[in-house]
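Single-structure report; data block below.
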Amino acid sequence: MTGFWLVWRSVFYVILHSGFWVIYKFFFQVCTDSKRRPSYFTEKSMESSVKYINRKFPNIDIRGGSQHLSSVQKQKSAVLEGLHSYYESFIDVMEFRDHVYELLNTIDACQCYFDIAVNFDLTKNYLDLIVTYASVIYMLSRIDDKKAIVGMYNCAFEFCNGNSDPSFPRLGQMFIEYDHPWKKLSEEFGPHTKSVTGALLSLRMVYPRRNLSADQWRSAQLLSLLASPAAMLSPTCCDTVRTPVISSAVWLFVGFLLCHSSLNANADSQNLWKMALRNGLYLTVIRDEILNIHKLSEDFFDSLKGYSKRIPDIKECKEYVIINCGALRREKRNFLRNALKELTKVLEDEPALLGPKALFVFMALSFSRDEVLWLVRHAENIPKTKTPEDYADSVTHFPRLLCELHTHTHEPFICSHKVCSCASFSIFSFQGMYVCPEEESVLMSSFVSTLSALSLKHCELSFSFLFTGYLMTQSVCVLQVYTSAGKAALALKDYPDLAKVMNMAQFHTRMMDNVNELLCETADLSILCFEIEYKSCINYTNATSTPFDVYRVIVQMANYNQSTHEIARPTDLLAGIQAYVTSLHSLSCYINIDVTRLVKNVLLQQTQPLDSYGTQTITTLYTNWFLEGLLRQASSALIVHCPTTQCFVNQNTENEQSFHAEEYADICGLRSLAELIGPYGLKFLNENLMWHIISQVGELKKLVSDNMDVLVQMRANFENPEAMSDLQKKLTGCENVLKRMTIIGVILSFRSMVQEALIMDRHCPFLTRPIKCLKDFIYPEGDIKVTLGVYEMASAAGLPCEIDPTLVSAIANMQTDNSSIEEEFKITCLLLVYIAVSLPTLCLDPNSFYRREHGGHQNNIHCLATAVNHLAAAMFTVQRKNIQTQLQEFLKVASSILLQLGQNVERMEIKNRDSVYLILHMIVEQSPFLSQDMLEMCFPYVLLRNAYREVHKTFIHTMG
């Protein structure tokens with residue numbers, strides 16, 4: 001017994017909730033949008049590899065197919081990194097399946113008894129587990145690229161490690177087995193048919209009552225508090241207190257599909273199955289993923305022997321739905337509208353009635369939720385019918401009425417009434433019981449004594465009951481499991497009154513301790529809002545708002561104009577959102593909605609490039625604006641980066657700018673931006689910044705290739721002034737190189753400012769401090785994979801790193817036309833030579849003047865220091881070369897070239913010579929790999945001192 005309890009307590013919930021998590025991962029990662037497909041499947045170079053993997057899967061021979069897998073071999077590290085999360089998701093499915101197998105087999109071994117009226121929680125979770133497992137497998141089958149993803153990952157793994165990934169054989173076998181998911185699932189559930197069928201047949205008294213017509217509801221005066229005035233204060237209850245609020249159609253459909261043998265052997269099973277098929281045409285798997293239940297059933301049973309009689313049944317049920325269901329559902333919605341209005345008005349006048357009539361509220365919420373979801377599923381897939389208007393009904397009233405019902409779920413009234421109820425029925429727990437084993441006796445004693453000890457004083461003192469943690473775990477839940485096994489000394493099914501009391505205690509104590517959880521189960525407004533695409537209104541006293549307003553208002557506050565490149569300042573938008581959220585919290589004092597959760601969900605979507613509607617979020621809007629509005633003008637020196645004040649400012653030009661850069665790209669503005677779009681949004685921004693940098697790097701490599709011979713000679717003769725003078729005349733594109741490097745430097749300077757704005761210390765200091773400590777113990781000279789891993793984590797936390805891991809990854813993923821590492825290394829070295837020998841041309845630009853108030857040059861050439869340091873560190877890291885050695889060579893070449901400027905007194909280059917000298921000092925000052933001693937060995941410090949004195953002479957001091 002103890003073993004089975006442990007299975008229930010520690011495994012059941014974990015497996016069930018992990019199943020939900022796996023479904024959501026699939027839904028958001030690979031199933032919702034074709035754009036989410038891994039990039040490798042859209043590259044032309046990978047087409048041959050993908051086709052070969054799909055054709056040979058799962059027996060992929062990387063040696064025999066080397067000609068087809070050459071692209072995978074060349075990018076093996078990138079493939080491993082890019083497909084790792086997908087591969088892990090498939091492993092999650094496999095492990096989830098293993099856990100479900102083990103749990104189902106353990107349940108069968110214990111001969112557990114399931115009955116929704118006897119052990120409600122045990123039966124509900126058992127049926128939920130079956131549906132969740134089937135949904136996971138179904139979602140797995142919906143992923144077209146699963147074989148290519150797993151196969152390509154394993155090929156890359158084998159290229160890197162010399163052997164296959166340990167999990168790949170089982171994954172491959174699982175994919176093959178579930179090519180036809182429902183057929184394989186039905187084979188798996190063959191041994192479990194008895195348990196599953198027993199649980200489903202326990203619904204035969206519940207499901208028909210849940211699916212009565214609107215006329216039957218009216219005859220029974222369902223949900224009406226005014227129908228029987230004399231009984232208005234009497235508690236509303238039923239033999240199975242929580243069954244009226246559950247929706248079991250999906251249990252019946254999936255359960256009988258997997259355990260179909262009972263349909264031919266049991267008339268009750270067949271009747272329940274037909275009732276589920278008459279419920280509608282579609283069932284929801286997750287979000288907008290639906291099942292066409294009649295088509296699926298017909299195709300499935302048509303493939304099985306001995307089930308030909310079921311095909312006419314399916315067609316008859318489908319015909320019934322098309323002819324009758326639309327009108328029947330419309331009448332039910334009309335009834336519920338009026339019933340909800342009446343219920344809301346009565347509870348508004350007499351909120352104390354909520355205590356005895358709480359079940360009415362939860363039934364109303366549950367029925368309304370089901371009708372709204374049914375309408376949404378079918379309105380998007382209207383069948384061929386003579387009355388399409390049955391599916392064109394408006395559901396805008398329901399969320400408003402549901403919100404008003406939420407408003408009236410006053411916990412004090414519920415609490416006080418349920419305390420009295422629990423204390424009154426606890427004494428009946430042991431009536432009719434003659435034998436009670438010792439372990440069960442201890443649990444029951446705890447159960448009854450806890451209920452008996454309740455009093456109204458607890459409610460008056462705002463006592464925290466913690467029933468979910470205590471009664472459910474220590475008494476009711478454990479007791480249900482103990483008494484539901486086949487060989488239990490005390491069989492719960494033999495004591496229906498005890499089972500009823502346990503289920504009632506579970507329900508009442510949950511209302512006392514966690515009524516919000518019950519509200520989410522019966523009518524989660526967030527789900528409703530998703531399903532009806534946030535078109536539902538919530539009316540307040542003098543204001544009307546919608547859940548979708550939160551999305552729309554935020555985007556409207558951004559006020560982005562693509563044609564004029566205008567957008568709201570991040571500080572203004574953040575202040576506006578904070579004010580808007582404050583107003584929503586004020587409204588929550590009058591309506592019972594979870595504003596915090598709603599706003600968090602909305603803002604979390606705003607950190608992604610697109611929201612759930614596929615529309616652009618503030619992350620995309622601000623990314624586009626900073627790239628096209630600010631950085632593009634900074635690249636043309638219309639906007640200047642100011643290291644002194646850590647911001648960007650406008651240049652004084654004839655054409656006045658449409659915005660002030662310092663209002664957007666200062667410390668306050670960028671911190672506000674980081675608050676708005678968060679780490680996810682900053683990651684998207686960084687990816688776009690990197691794309692622009694990589695495009696510039698590609699052009700730089702082309703310039704190096706065009707001047708390869710000249711640069712090789714210059715590298716060898718940089719200390720020979722005469723030779724350098726001749727070679728300088730042959731060198732082309734010097735201005736182009738420096739321009740592109742300045743653009744890279746501007747982008748990297750902006751990125752560095754954004755990273756610093758992500759103040760993680762304020763949000764989670766317990767996380768950032770260990771990261772800082774770990775980063776301090778990492779050195780670039782160590783294992784580069786470990787170093788980059790730590791740097792990537794530190795960078796995500798907003799910490800500066802000696803080597804930029806994002807830039808390293810971007811450069812490593814560049815297409816290099818099959819060039820070798822040594823060739824790439826040569827190009828990088830010559831690029832640094834190219835930059836060094838081009839520095840004198842900066843003196844010709846009158847804007848190359850250093851401005852003390854900005855701490856930089858008027859044309860942003862001071863950003864060259866950032867570009868040289870970051871780019872060199874990243875490129876030499878990819879090429880596994882010593883960064884310090886190569887930067888020292890750059891320093892020698894640049895120093896030699898700049899020193900030659902002093903010898904040309906009559907030439908124009910000396911005009912801004914002092915300002916250009918400072919760039920050399922900036923490069924050394926910002927580099928973690930260079931030191932002032934290294935600089936002084938090749939460039940006299942006295943020249944730098946004189947340069948600083950000269951540029952500061954022209955600085956005008958204003959006194960006021």
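The values are calculated or read from the model by the stated rules, or taken from the named source; none is laboratory data. Nothing here was measured: the structure is a model prediction, and the numbers come from that model. Here the Cβ is made from the backbone with ideal geometry for all residues, glycine too, and neighbour counts use every protein chain on show. Ligands, DNA and RNA are stripped out before the accessible areas are found, and what is left, the full protein with its side chains, is counted by its heavy atoms. Shrake-Rupley method; radii C 1.70, N 1.55, O 1.52, S 1.80 Å.
Observations, loosely collected:
- For segment 361-366, 3J(HN,Hα) computed residue by residue from phi via the Karplus equation (6.51, -1.76, 1.60; θ = phi - 60°) reads 4, 5, 5, 4, 4, 5 Hz, glycine and proline entered as x.
- Point-charge dipole on Cβ atoms (K/R +1, D/E -1) for segment 842-952, about Cα centre, debye to 20: 120
- Entries in LYS124/LYS315; LYS44/LYS147; LYS701/LYS826; LYS44/LYS881; LYS56/LYS146; LYS702/LYS739 that, when Cα-Cα distance is taken, lie over 20 Å: LYS124/LYS315; LYS44/LYS881
- If only the Cβ of Lys and Arg carry +1 and only the Cβ of Asp and Glu carry -1, the dipole of segment 674-952 around its Cα centre is close to 360 debye.
- Placing +1 on the Cβ of every Lys and Arg and -1 on the Cβ of every Asp and Glu, with no other charges, gives segment 631-749 a dipole of roughly 380 debye about its Cα centre.
- Each residue of segment 672-682 was assigned a 3J(HN,Hα) from its phi angle through the Karplus expression (A = 6.51, B = -1.76, C = 1.60, θ = phi - 60°), giving 5, 4, 5, 5, 6, 9, x, x, 5, x, 5 Hz with x at Gly and Pro.
- Within straight-line cross-link reach of LYS341, lysines at Cα separation under 23 Å, skipping those fewer than 8 residues along the same chain: LYS332, LYS357, LYS535
- Listed residue (CYS829, MET760, SER749) projecting farthest to the positive dipole end of segment 727-845, Cβ model: SER749
- Long-range amide H partners of CYS647 with built H, under 5 Å: CYS642
- Structural descriptor for segment 810-883: relative contact order 35 percent, calculated from alpha carbon pairs under 8 angstrom and at least 6 residues apart.
- Neighbour-limited loop hits for GluC sites (Glu not before Pro), segment 690-769 (at most 13 other Cβ within 10 Å; DSSP other than H, G, I, E, B): GLU719
- Largest to smallest accessible area among MET232, MET937, MET174 [probe 1.4 Å]: MET937, MET232, MET174
- Probing with 1.4 Å while keeping every protein chain in the model, the per residue accessible area of segment 674-952 equals 45 Å².
- Karplus-based coupling profile of segment 226-234, in residue order and whole Hz: 9, 5, 10, x, 5, 9, 5, 8, 7, with θ = phi - 60° in 6.51 cos²θ - 1.76 cosθ + 1.60 and x standing for Gly or Pro.
- Förster radius 25 Å - calculated FRET efficiency between LYS341 and HIS585 (Cβ-Cβ, nearest 0.05): 0.35
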